[in-house]
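Right, one structure below, let's go through it.
The values are calculated or read from the model by the stated rules, or taken from the named source; none is laboratory data. From a predicted model like this one, the values you see are computed outputs, not experimental measurements. Here Cβ is always computed from backbone atoms with ideal geometry, including for glycine, and neighbour counts include all displayed protein chains.
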Amino acid sequence: MIDRLRELRKIMELQDLDALFITNPANQRYLEGFTGGDCFMLVTAKRNFLIADNRYTEMAQAECRSAEVVPHRAPNPPLHDVAARLAGDNGLRRIGFEKNRLAWSLYDDIAHAIAGAGAELVPASPLVEGIRAKKSSKEAEAIEAACGIADRALEDVLSIIKEGISELDLKIELDYRMRTGGAEDTAFDTMVLFGARPSQPHANSRRDVRLKPGDFILIDFGARLDGYRSDTTRTFVFGHADEEQKRAYNAVLRSQEASLGAVSPGGNGRDINDIALGIIKSEGFPAFEYGIGHGVGLEIHEEPFMRQNEDIFLEAGMVVTVEPGSYKPGWGGIRIEDTVLVTPDGHKTLTHFPKGLMEL
């Protein structure tokens with residue numbers, strides 16, 4: 001964690017920032033080990049402060065590695081007054097803030113308060129997220145362990161899939177098996193979709209949608225372990241798949257395997273995206289419009305993001321998803337997704353549940 005703070009301070013110096021105001025809980029955990037909520041970090045050139053809601057002060061004092069815990073919220077002073085005092089006491093002038101995270105009302109309160117101490121809030125691009133993109137060996141091991149928990153849970157839950165089960169009931173069972181299998185929680189809101197509903201890449205599982213022969217079953221899920229997350233999608237057919245389902249599935253599978261093969265240091269996310277798009281389109285099926293993949297770690301969606309309109313070059317230590325799909329309203333959808341570690345000489349797939357078409 002000391003190395004992480006040292007790297008962050010180098011970036012802050014290059015951007016002429018006296019301090020960085022951190023609102024993203026994942027960044028607070030990454031830098032200090034703090035797992036609570038409703039708290040804020042202020043990192044200066046020499047000191048760290050965790051401005052803690054008074055419900056979390058004891059927790060913060062126990063978990064933080066180096067930060068000085070400063071309480072806010074009645075009966076203590078409000079957050080903006082605490083920020084102004086720290087700015088004045090530490091001679092801060094330019095305080096960066098996470099522009100994609102700070103709510104306007106909170107920004108307005110803090111900006112007015114610190115102005116009285118001669119400081120200003122400066123919008124900063126995600127700084128900590130850039131450091132987080134490359135995982136340490138310990139972080140990669142936690143993600144791989146989470147992937148293993150998810151793999152085993154899916155294998156276990158297949159035995160309860162039967163005609164008439166609802167999307168929501170299957171989701172609840174899968175979540176339960178991940179938790180009893182060692183996960184501290186799910187990585188995100190598990191998605192189970194039947195029939196034509198997988199044409200919606202992100203939809204909510206429903207109690208009134210029940211499984212019928214010939215239905216697609218799309219399951220997008222993950223486990224969380226020690227704060228780190230996994231992300232997997234598998235698509236099945238209940239009963240016998242028809243020829244169109246088989247052809248579409250095989251097209252998506254080929255696209256996933258080909259794009260996965262391009263994951264290595266120096267690989268461009270745009271090119272990896274285009275490989276998958278090209279294969280699916282060449283087979284005559286509608287192709288996904290979202291990016292081929294995203295980083296996974298303390299958050300389920302984090303840097304780097306691989307898209308068709310952006311050059312992103314992979315580096316060893318990054319953990320990303322590869323998740324092409326084909327979606328046709330009224331018919332259904334297919335997505336195959338793995339979580340992958342970029343290694344010095346290529347990649348290592350961390351999710352191992354089989355990917356061939358399974359007719360359940």
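Within the set of pairs 6+ apart or on separate chains, which have a first residue in segment 23-45 that is at positive phi and modelled with pLDDT under 95, a second that is part of a helix (DSSP H, G or I) and small (Gly, Ala, Ser), and C-beta atoms under 6 Å apart?
Between residues of segment 23-45 that are at positive phi and modelled with pLDDT under 95 and residues that are part of a helix (DSSP H, G or I) and small (Gly, Ala, Ser), there is no close pair.
Could you please find all residues in segment 326-360 being more than 20 Å from Arg229 (Cβ to Cβ), assigned by TED's automatic domain parsing to the domain that holds Ile143 and touching a Gly at 6+ places or on another chain (Cβ under 7 Å)?
Ser326, Tyr327, Gly332, Gly333, Ile334
Within segment 296-310, is even one residue at pLDDT 95 or above, assigned to a strand (DSSP E or B) and among the small types (Gly, Ala, Ser)?
No, segment 296-310 contains no residue that is at pLDDT 95 or above, assigned to a strand (DSSP E or B) and among the small types (Gly, Ala, Ser).
Would you mention how many residues in segment 1-22 are part of a helix (DSSP H, G or I), touching a residue at least 24 places away in the same chain (Cβ under 8 Å) and not β-branched (Val, Ile, Thr)?
First pass over segment 1-22, keeping only residues part of a helix (DSSP H, G or I): 2-14.
Okay, now just the ones that are also touching a residue at least 24 places away in the same chain (Cβ under 8 Å), so 2, 4-5, 7-9, 11-13.
With not β-branched (Val, Ile, Thr) added as a condition, the list becomes 4-5, 7-9, 12-13.
Residues that pass the stated criteria total 7.
Of all the residues that make up segment 253-280, how many are among the basic types (Lys, Arg) and either outside any helix (DSSP H, G or I) or out of contact with any helix residue (DSSP H, G or I) (no Cβ under 9 Å at 6 or more places or on another chain) (or both)?
Within segment 253-280, residues that are among the basic types (Lys, Arg) and either outside any helix (DSSP H, G or I) or out of contact with any helix residue (DSSP H, G or I) (no Cβ under 9 Å at 6 or more places or on another chain) (or both) number 1.
Going through Thr232, Thr180, Thr190 one at a time, which residue ends up being free of Cβ contacts under 8 Å to residues at least 40 places away in the same chain, touching a helix residue (DSSP H, G or I) at 6+ places or on another chain (Cβ under 7 Å), within 30 Å of Thr35 (Cα to Cα) and of a type in the set (Ser, Thr, Tyr)?
Thr190
Where residues in segment 234-273 are farther than 16 Å from Ile336 by Cα and of a type in the set (Asp, Glu), which of them is surrounded by the fewest Cβ atoms within 10 Å (Cβ to Cβ)?
Glu243
Which of the residues belonging to segment 156-169 are in a helix (DSSP H, G or I) and more than 23 Å from the chain's Cα centre (by Cα)?
Across segment 156-169, the qualifying residues are Asp156, Val157, Leu158, Ser159, Ile160, Glu167, Asp169.
Looking for whichever is at pLDDT 95 or above, within 30 Å of Arg210 (Cβ to Cβ) and buried (at least 20 other Cβ atoms within 10 Å of the Cβ) here; the options are Ala150, Ala83. Which one fits?
From the options Ala150, Ala83, the qualifying one is Ala150.
Considering only segment 262-274, how many residues are under 12 Å from Glu323 (Cα atoms) and of a type in the set (A, V, I, L, M)?
Summing the residues that are under 12 Å from Glu323 (Cα atoms) and of a type in the set (A, V, I, L, M) in segment 262-274 gives 1.
Restricted to segment 53-65, and to residues that are at pLDDT 95 or above and in contact with a helix residue (DSSP H, G or I) (Cβ under 8 Å, 6 or more places away or on another chain), which residue is nearest to Gly88 (Cα to Cα)?
If we take residues in segment 53-65 being at pLDDT 95 or above and in contact with a helix residue (DSSP H, G or I) (Cβ under 8 Å, 6 or more places away or on another chain), then Cys64 is nearest to Gly88 (Cα to Cα).
Looking only at segment 79-118, which residues are assigned to a loop (DSSP other than H, G, I, E, B) and either within 22 Å of Gln15 (Cα to Cα) or more than 31 Å from the chain's Cα centre (by Cα) (or both)?
Asn90, Gly91, Leu92, Arg93, Lys99, Asn100, Arg101, Leu102, Gly116, Ala117, Gly118 - these are the residues of segment 79-118 that are assigned to a loop (DSSP other than H, G, I, E, B) and either within 22 Å of Gln15 (Cα to Cα) or more than 31 Å from the chain's Cα centre (by Cα) (or both).
Just to be sure I understand, how many residues within segment 86-98 are closer than 25 Å to Ser125 by Cα and out of contact with any Ser or Thr (no Cβ under 7 Å at 6 or more places or on another chain)?
Looking only at that region, the number is 9.
Restricting attention to segment 202-229, which residues are over 16 Å from the mean Cα position of the chain (by Cα), within 30 Å of Gly37 (Cα to Cα) and in contact (Cβ under 8 Å) with a residue 60 or more places away in the chain?
Ile219, the sole residue that qualifies.
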